[in-house]
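A.B. asks: For reference, the structure I am asking about is given below.
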Amino acid sequence: MAAIEFDRVSKSFGQARVLDTFSLSVEEGSLTVLCGPPKSGKSVLFRLVVGLETPDGGTIRLSGRDITHEPASARNIGYVPQSFALYPHLTVFDNIGYPMRLAGAPREEIARRVDRTAAMLSIGHLLRKTPDKLSGGEKQRVAVARGLMKDASVFLFDDPLVGLDYKLRERLMDELKQLCETLKATFFYATSDSLEALTMAQTLVVVDDGRLVERAGTLKLYAEPGQVRSLELIGFPKANVIEGICRNGRIEAAGLSLPAPAGLADGPVKVGIRPEHVRLGRREGVGADARVAIVEHLGSEIVVYLDLNGHPVTAAYAAGHAAPPEIDSAVKIDIDPARAMIFDPNSGALIGRCAAGGV
Ligand SMILES: Nc1ncnc2c1ncn2[C@@H]1O[C@H](COP(=O)(O)OP(=O)(O)OP(=O)(O)O)[C@@H](O)[C@H]1O
């Protein structure tokens, strides 16, 4: 059974429609990550689940129970909001234990749970401190711990690691993944950072402008997105999407010429290529002419931003394999047709790959 179900949920604020007939099932016991650009409706979706907002239409179910109009207090969901506030006058212990104290739990029970949760998040040594003595990362852990204090089977995390440096985020991501397994709970996690989404998720849900774009297993969604918008939103550096045209079995796009997927009718298409699949000047005379605009050295990876006949194209490859090209130099780029994905320009749906037979 689905832990959380959105069935054609809509929500507007004044004239602005923030969620539009949004339907999604979040599997019980899964770590599902909702990823979308800022203002795509992620926080509103979470606020609807915990009961801080009411939808204008549609139904929300928790383990099959219709909770659409149930009061927030009856829902029993663990929640770490995006902008959390710790009580400055309370110790870390009292901040974490606050939801249980509010629910009238006995002191010993609170102490047992706070100690256990603090140990899980490696903040046991901070329990007597007040928030003003904590670093940003420590405060975030305390907020996560407080969200975990509910005796719930569903936990929502709204961008809980935003603003932290990458090392700390990596560590907390690992800890949260482990916690999801330990607690055997459903974790529904929102982020606008696609690397964080790829690192965390078992199931990835892409949302854009209040609409569900795609829901799929993480590896599948990266390797074979069903929608061009998923390709654009998931992955770093950002994937290349070039307008092209199919004519007589070939696709021409910004000077590239690729064999069309079998049976594709003539007409406009979108060509999607991940940066790691753009080959840079490997074979003499093969490929399209491009000019190097920017070269970024990211340690283990080199990212080259190119101008391909007026179209921006990004290439990424492992450092150490070849000397990076000079800025403003002319290079040849070519694409393995089996790596190029062809999308319908109107629906955005994947049509197939450029090798014979399609996907
Ligand atoms: N209470 C409200 N009143 C009016 N507009 C709102 C309200 N809450 C959210 N919105 C609007 O709804 C849209 C979606 O906001 P939401 O906070 O859900 O986005 P988000 O995807 O969580 O973004 P971010 O990644 O920046 O947190 C935004 O345009 C926001 O301004």
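The values are calculated or read from the model by the stated rules, or taken from the named source; none is laboratory data. Every value quoted in this text rests on a predicted model; they were computed, and no experiment measured them. Note that each Cβ is placed from the backbone with ideal geometry, even for glycine, and that neighbours are counted across all protein chains shown. Quick note on the areas: whole protein, heavy atoms, side chains included, nothing else; ligands and nucleic acids left out. Shrake-Rupley method; radii C 1.70, N 1.55, O 1.52, S 1.80 Å.
A.B. asks: Using a probe radius of 1.4 Å on heavy atoms only, what accessible surface per residue do you get for segment 7-94? Whole Å² is fine.
C.D. replies: 46
A.B. asks: Using only the alpha carbons of the chain, determine the length spanned along each of the three principal axes and report them from longest to shortest in whole angstroms.
C.D. replies: Largest to smallest, the principal-axis extents are 76, 45, 36 Å.
A.B. asks: Report the charge-dipole magnitude of segment 206-297 in Debye, nearest 20, computed about the Cα centre from +1 at each Lys and Arg Cβ and -1 at each Asp and Glu Cβ.
C.D. replies: 180
A.B. asks: Which one of G163, V228, T130 is farthest out on the positive end of the charge dipole of segment 98-236, using unit charges on Cβ (Lys, Arg +1; Asp, Glu -1) and the Cα centre as origin?
C.D. replies: Farthest along the dipole direction, towards plus: T130.
A.B. asks: Using the C-alpha gyration tensor of segment 264-336, what are the square roots of 5 times its eigenvalues, in whole angstrom, with the largest one first?
C.D. replies: Equivalent ellipsoid semi-axes, largest first: 22, 13, 12 Å.
A.B. asks: Moving on. Taking segment 146-230 on its own, what percent of its Cα-Cα pair distances exceed 18 Å?
C.D. replies: The proportion of pairs with Cα distances above 18 Å equals 46 percent.
A.B. asks: Give me the extension gain from K39 to L195: residue separation times 0.36 nm, minus the current Cα-Cα distance, reported in nm with one decimal.
C.D. replies: 54.3 nm
A.B. asks: Can you give me the C-alpha center-to-center distance between segment 106-168 and segment 1-47, rounded to a whole angstrom?
C.D. replies: Comparing the Cα centres of segment 106-168 and segment 1-47, I get a distance of 25 Å.
A.B. asks: If you don't mind, another one. Please give the charge dipole size of segment 38-182, origin at the Cα centre, charges +1 on K and R Cβ atoms and -1 on D and E Cβ atoms. Round to the nearest 20 debye.
C.D. replies: Charge dipole, segment 38-182, about its Cα centre: 240 debye, nearest 20.
A.B. asks: Further question: Within 10 Å, count the other beta carbons around each residue, average over each peptide in 298-306, 270-278, 105-113, and list them highest first.
C.D. replies: Going from most to least packed, we get 270-278, 298-306, 105-113.
A.B. asks: Per the helix-only calculation at 222 nm, which mean residue ellipticity applies to the chain, given -39500 (n - 2.57) for every DSSP H run of n ≥ 4 and division by its residues, nearest 500 deg cm²/dmol?
C.D. replies: -7000 deg cm²/dmol
A.B. asks: Amide H to amide H under 5 Å from G281: which residues, 5+ apart in sequence or cross-chain, H placed 1.01 Å off N in plane?
C.D. replies: So G281 has HN proximity to K332, I333, D334.
A.B. asks: Can you tell me the length gained on complete extension of the stretch D66 to F13, counting 0.36 nm per residue apart and subtracting the Cα distance?
C.D. replies: Extra length available between D66 and F13 comes to 16.8 nm.
A.B. asks: Which listed residue (P337, G36, G310) has the Cα farthest towards the positive end of the charge dipole for the chain, taking +1 on Lys and Arg C-beta and -1 on Asp and Glu C-beta about the Cα centre?
C.D. replies: So the residue we want is G36.
A.B. asks: If you roll a 1.4 angstrom probe over the protein chains with everything in place, what fraction of the accessible area of segment 9-161 belongs to carbon and sulfur, to the nearest %?
C.D. replies: 51
A.B. asks: Further, regarding this structure: Starting from the alpha-carbon convex hull of segment 43-97, give the projected area averaged over all orientations, in nm².
C.D. replies: 4.7
A.B. asks: For a bin width of 10 Å, list the pair-distance distribution of segment 12-129 built from all Cα-Cα distances, rounded to whole %.
C.D. replies: Distribution as computed: 10, 33, 31, 20, 5 percent.
A.B. asks: How long is the gain from S329 to H125 if the chain were fully straight, where each residue apart is worth 0.36 nm and the alpha carbon distance is subtracted?
C.D. replies: Length gained between S329 and H125: 67.9 nm.
A.B. asks: Tell me the label-point distance for the pair M1, V295, using the 7 Å Cα-to-Cβ offset, in nm and rounded to one decimal.
C.D. replies: The two pseudo-label positions are separated by 6.0 nm.
A.B. asks: A further question follows. For the charge dipole of the chain, defined by +1 on Lys and Arg C-beta atoms and -1 on Asp and Glu C-beta atoms about the Cα centroid, which residue among A262, S347, L298 has the Cα displaced farthest towards the positive pole?
C.D. replies: It is L298, whose Cα lies furthest towards the positive end.
A.B. asks: If you restrict to DSSP beta bridges whose two residues both lie in the chain, what percentage is antiparallel, to the nearest 5?
C.D. replies: Bridges in the chain that DSSP calls antiparallel: roughly 80 percent.
A.B. asks: Calculate one ³J(HN,Hα) per residue across segment 55-72 by plugging θ = phi - 60° into the Karplus curve 6.51 cos²θ - 1.76 cosθ + 1.60, and present them in order as whole Hz with x for glycine and proline.
C.D. replies: Couplings: x, 7, x, x, 10, 10, 10, 10, 6, x, 8, 6, 10, 3, 10, 6, x, 3 Hz.
A.B. asks: Dipole magnitude of the chain about its Cα centre, charges +1 at Lys/Arg Cβ and -1 at Asp/Glu Cβ only, in debye to the nearest 20?
C.D. replies: 780
A.B. asks: What is the distance, in nm, between label points placed 7 Å from the Cα along the Cα-to-Cβ direction at N309 and at A262?
C.D. replies: It is 2.8 nm.
A.B. asks: Longer than 31 Å from Cα to Cα, which of K11/K133; K133/K167; K39/K139; K42/K129; K39/K150; K139/K184 are they? Say none if no pair is.
C.D. replies: In this structure, K11/K133; K42/K129 lie more than 31 Å apart at Cα.
A.B. asks: What does the convex hull of the alpha-carbon atoms of segment 177-317 project to on average, in nm²?
C.D. replies: It is 11.3 nm².
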